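Report on the structure given below.
The values are calculated or read from the model by the stated rules, or taken from the named source; none is laboratory data. Given the structure is predicted, the values throughout are model-derived calculations rather than measurements. Methodologically, a virtual Cβ is constructed for each residue, glycine included, from the backbone with ideal geometry; neighbour enumeration extends over all protein chains shown.
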Amino acid sequence: MNAQNDRTPYTPVVDGVVDATFAAVAAEFERNFTHRGEIGASLCVFVNGTPVVDLWGGVADPETGRRWDRDTVSVVFSCTKAAVALCIHLLIHSGDISADMPVSRVWPQFAAHGKRDITIGMLLDHSAGIPVLSERIGPKALEDWDFVTGRIADQTPFWRPGDRHGYHPVTFGHTLGEVVRRATGTSIGEFFASEITRPLGIDFWIGLPAQIEPHIAPIINQAAGGPMTPFLDAALHQRGSIPNLVVFNSGDFARSGVNTRAGRAAEIPAANGITHARGLAQLYASALWHPALAMALGAGEYSLQVASDGFDQTLLMPTRFSRGFMLAMDNRERFGEGHSMRVGPRAFGHCGSGGSIGFADPAAGVSVGYTMNKLGPGTLLNERGQSLVDAIYRSLGHSAPPVRRRQLGQDQQ
């Protein structure tokens, strides 16, 4: 079976359960297949800790025609960052580390080249100033933990740490993962498994076990569409810029390693988490309702602590982060569709490359996961994911209004 063209309607096989209140969500899920080019996907919604939507459908592997079933999982790219953040918050809550602790206290080598005062909180909020590596790395470099963390320790910040923020696409995972390793003696993948996913029965891995490989939906990495953005322009035309290094000096995991056993078995904690929508939704439901995680995160007060809000030195557009999570952002007016994450004003979550998303909204008592195998265009949510989010809020009787933000100074733009 060949992958469907973006606008070629076809009738998918969709399975699962949905509460009648969320019939509009199920309709949008099917419409993604019939009108928006979806190939294989899953969607799960919890309300007050109870599942109300658990759907999956389409084709997991277009080369073989294998259907997407209940246990199909896929790489969720930067949605993995939320898993890392929860691990860090558990360690903060237990007193092993603190948000204002310098990273160099647990990782002395990190202090080199002006990084002595970078705190764990700066890593969480993307303000540390080390979004990329300047020195060239090889295509398989992200699979070598010691190599990458060594390069991070040698990296000079791109701006004065704490003064600005810019998305850290890959280094976010390795820096915070090394903090976990140094503080606990355990890798981030094993810590996540032992402290969160195994006790809670969540199918979510950073470093995929071999026995799960048969359930993988390979990523369909089609050419991105849409208009040129400042990020893409800089990536293509400004050699040595942060966007250029993000695209051309981050190894080949996103292009090819994502569909290899080695790439999935490695721990790349900013990018190679593997789960399904149910796993993402369960993770966020646990952040709201599980006593240990909810207490560690302080989810009830979450929306009051926005840490990074303004012009992003990496993505070259306004972004909002707090404590390792993305917050609601609406960039449609300037950038059009595909560069926003329109969720509730108190929601927190994370998008993944190509349009996957997991988030929780304490005000609505809802947690959501959406995963797919065919990547879509845009920086954040494309129309497939956003249509599902919009339908969820409509079904709840809520809306996700545009984010009110301060005017950015000319010096930031």
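Please work out if Met317 is surrounded by fewer than 23 Cβ atoms within 10 Å (Cβ to Cβ), within 25 Å of Ile130 (Cβ to Cβ) and not small (Gly, Ala, Ser).
Numbers: surrounded by fewer than 23 Cβ atoms within 10 Å (Cβ to Cβ): yes; within 25 Å of Ile130 (Cβ to Cβ): yes; not small (Gly, Ala, Ser): yes.
Criteria met by Met317.
Quick one: is Gly338 closer than 19 Å to Glu38 by Cα, buried (at least 24 other Cβ atoms within 10 Å of the Cβ), in the same structural domain as Arg66 (by TED's automatic domain parsing) and touching a Ser or Thr at 6+ places or on another chain (Cβ under 8 Å)? Lay out the reasoning, then the answer.
Values: closer than 19 Å to Glu38 by Cα: yes; buried (at least 24 other Cβ atoms within 10 Å of the Cβ): no; in the same structural domain as Arg66 (by TED's automatic domain parsing): yes; touching a Ser or Thr at 6+ places or on another chain (Cβ under 8 Å): yes.
Taking the combined requirement at face value, the residue does not satisfy it.
Conditions (1) loosely packed, with under 15 Cβ neighbours inside 10 Å; (2) in contact with a strand residue (DSSP E or B) (Cβ under 6 Å, 6 or more places away or on another chain); (3) hydroxyl-bearing (Ser, Thr, Tyr); (4) within 28 Å of Trp289 (Cα to Cα), marked per residue:
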{"residue": "Gly177", "(1), (2), (3), (4)": "no, no, no, yes"}
{"residue": "Ser187", "(1), (2), (3), (4)": "no, no, yes, yes"}
{"residue": "Thr197", "(1), (2), (3), (4)": "no, yes, yes, yes"}
{"residue": "Ile202", "(1), (2), (3), (4)": "no, no, no, yes"}
{"residue": "Pro214", "(1), (2), (3), (4)": "yes, no, no, no"}
{"residue": "Thr229", "(1), (2), (3), (4)": "no, no, yes, no"}
{"residue": "Asp233", "(1), (2), (3), (4)": "yes, no, no, no"}
Exercise for the section: Name every residue in region 348-369 that is assigned to a loop (DSSP other than H, G, I, E, B) and out of contact with any Pro (no Cβ under 8 Å at 6 or more places or on another chain), in order of residue number. Expected result: Gly352, Ser353, Gly354, Gly355, Ser356, Pro362, Ala364, Gly365
Handout entry: Check on Phe158, assigned to a loop (DSSP other than H, G, I, E, B) and either assigned by TED's automatic domain parsing to the domain that holds Ile274 or at pLDDT 95 or above (or both)
Key = yes
Handout entry: Identity of the residue in region 109-155, part of a loop (DSSP other than H, G, I, E, B) and of a type in the set (A, V, I, L, M, F, W, C), that ends up farthest from Ala271 (Cα to Cα)
Key = Ala112
Fill in the blank from the handout: When Gly324 is run through (1) under 23 Å from Asn249 (Cβ atoms); (2) in contact with a helix residue (DSSP H, G or I) (Cβ under 9 Å, 6 or more places away or on another chain), the failure sits at (1)
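So that you can scan it fast, the table gives a plain yes or no per residue for (1) charged (D, E, K, R); (2) touching a residue at least 60 places away in the same chain (Cβ under 8 Å); (3) out of contact with any Asp or Glu (no Cβ under 7 Å at 6 or more places or on another chain):
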site: Pro209; (1), (2), (3): no, no, yes
site: Ile212; (1), (2), (3): no, yes, yes
site: His215; (1), (2), (3): no, yes, no
site: Ala234; (1), (2), (3): no, yes, yes
site: Phe253; (1), (2), (3): no, yes, yes
site: Ala265; (1), (2), (3): no, no, yes
site: Gly273; (1), (2), (3): no, yes, yes
site: Gln282; (1), (2), (3): no, yes, yes
site: Ala292; (1), (2), (3): no, yes, yes
Exercise for the section: Answer yes or no: is there a residue in region 40-63 that is in a loop (DSSP other than H, G, I, E, B), over 23 Å from the mean Cα position of the chain (by Cα) and of a type outside the set (Gly, Ala, Ser). Expected result: yes
Fill in the blank from the handout: Ala224 fails exactly one of (1) hydrophobic (A, V, I, L, M, F, W, C); (2) modelled with pLDDT under 95; (3) part of a helix (DSSP H, G or I), namely (3)
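Scan region 168-189 and tell me whether some residue there is among the aliphatic types (A, V, I, L, M) and either part of a loop (DSSP other than H, G, I, E, B) or under 30 Å from Gly37 (Cβ atoms) (or both). Talk me through it step by step, then tell me what you get.
Applying the first criterion (among the aliphatic types (A, V, I, L, M)) to region 168-189 yields 170, 176, 179-180, 183, 188.
Imposing the further condition that a residue be either part of a loop (DSSP other than H, G, I, E, B) or under 30 Å from Gly37 (Cβ atoms) (or both) reduces the set to 170.
Checked region 168-189: at least one residue is among the aliphatic types (A, V, I, L, M) and either part of a loop (DSSP other than H, G, I, E, B) or under 30 Å from Gly37 (Cβ atoms) (or both).
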Practice task
Among the residues of region 341-362, write down those that are surrounded by fewer than 24 Cβ atoms within 10 Å (Cβ to Cβ) and in contact (Cβ under 8 Å) with a residue 60 or more places away in the chain.
Solution key: Arg342, Ser353, Pro362
Handout entry: Any chance Ser187 is more than 20 Å from Pro243 (Cβ to Cβ) and out of contact with any helix residue (DSSP H, G or I) (no Cβ under 9 Å at 6 or more places or on another chain)
Key = no
